[in-house]
1. How are the alpha carbon pair distances in the chain distributed across 20 Å bins from zero to the largest one, expressed in percent?
2. Please identify, among Ala333, Ala226, Ala405, the residue showing maximal mean-square fluctuation in a Gaussian network model of the chain using a 10 angstrom Cα cutoff.
3. Per residue, what volume in Å³ does the Cα convex hull of region 23-253 take up?
4. Measuring from centroid to centroid over Cα atoms, what is the spacing of region 312-326 and region 385-420 in Å?
5. Quickly estimate the mean residue ellipticity at 222 nm for the chain, helices only: each DSSP H run with n ≥ 4 gives -39500 (n - 2.57), and the total goes over all residues, rounded to 500.
6. Using the alpha carbons of region 121-230, what is the convex hull volume per residue in cubic angstrom, as a whole number?
7. Place +1 on the Cβ of every Lys and Arg and -1 on the Cβ of every Asp and Glu in the chain, take the dipole about the Cα centre, and give the residue among Met403, Ile161, Leu294 whose Cα lies farthest towards its positive end.
8. Please list, ordered by chain and number, the residues whose modelled amide H lies under 5 Å from the amide H of Phe135; skip anything fewer than 5 residues away on the same chain.
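Bear in mind that the values in this text are calculations on the coordinates, not laboratory data. Every value quoted in this text rests on a predicted model; they were computed, and no experiment measured them. Cβ sites come from the backbone with ideal geometry, for glycine too, and all protein chains shown count toward neighbours.
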Amino acid sequence: MLKKQVQPLEKKVWLSSPTMHGDELRYMQEAYETNWMSTVGANINEVERLISEKIGCNYAVALSAGTSALHLAMKLAGIKQGDIVFCSDMTFSATVNPVVYEGGVPVFIDTEYDTWNMDPVALEKAFQLYPGTKFVVVAHLYGTPGKIDELKAVANKYGAIVIEDAAESLGATYKGVQTGHFGTIGCISFNGNKIITGSSGGMLLTDDEEAANKVRKWSTQSRENAPWYQHEEIGYNYRMSNVIAGVVRGQIPYLEEHIAQKKAIYERYEEGFKGLPVTMNPFDSVNSVPNFWLSCLIINPEAMCQQVRGECEPLFVPEDGKSCPTEILNAVAAINAEGRPIWKPMHMQPIYRMNGFVTREGNGRAKTNAYISGGAVGKDGRPLDVGMDIFHRGLCLPSDNKMTAEEQNRIIEVIRACFE
């Protein structure tokens, strides 16, 4: 129930919906009229060229989804049955599931507060706990680059391959270099809610011609160069269609415009929340430029009312002057706008609860239940389980780039009322 009644918005404001411009339809029509509707055609060729040029890599292979790209990245990296793979903990399951597709065993690395991404200190601890590990999967949360130099330095020290999940961060840069070009292999997504979209689709990014050719072959059922259907290894139906590529092709010229719109949304929230006990999702303003895909906030610990979350349902106790993500999300939904919780960390997911989880002070698995009850802090006084803390106190705000300033001001007004 809203603490202060606010008139609902006339039309739904989404978290992040596709923004079309017209060129997309033209390229789709071209695919239709030329009858290139399958997994070859001018749109695919042009999208691969444009993205490789934008990222600065030698090759971009167009695939059916970001998840397809991640799966073939794991296969390309050489992950085998039983291999330990260090993974970002605070991310979507699509970052991690492809590790399991290839038989790998994810071990989750806790998050740091500065960028909400993988903690390099915890990664170093993980290599000490799991010696011989050769794979690290790093995601850039909500379009914000992580501590890339530090993460790569740790991975290089132990001779590990970095697979970069840049699904959410297309267009974001670190020290002037595009995300997706820091790992041995990079992956991006064109899912319907991303900064630019094809409705679906993704890409694998590499500087290695042989690797690109392997991925192209695997993604088209590993068909050999023979006059019949000859197969010598397992393949997949993962290639992007020329129709979907038409949508992506029409979106690419608008990437920078979309980023500018998303940045304006972030800055309006930042200004609108002044005086509240909250902060926006952080980034390294010296070294990185996010794409501001989603604007998020985190509530100061002292301003949190009581909140618990079961497997599928939350509960909170309203309190004057305080709030929590559940209350804010309910209030935003009540005026016809869409927010959502922060990604629930992978080590908290039922399917991965028995997997390893490493914090900056070592193996954090035994500490999790203690923190739920309000204890378990590290030597610096901060929670041992940073990802759980951010999930507990944080939320994603309506971030659609078609949202008007007036609509956003109404959302800000509702959120401010939650702390009255």
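1. Result returned by the calculation: 26, 56, 18, 1.
2. Judging by the Gaussian network model, the answer is Ala226.
3. Hull volume normalised by residue count: 111 Å³.
4. 14 Å
5. It lands at -9500 deg cm²/dmol.
6. Looking at region 121-230, the number lands at 137 Å³ per residue.
7. Of the listed residues, the answer is Ile161.
8. Here the answer is Phe86, Ile161, since their amide H atoms fall under 5 Å of that of Phe135.
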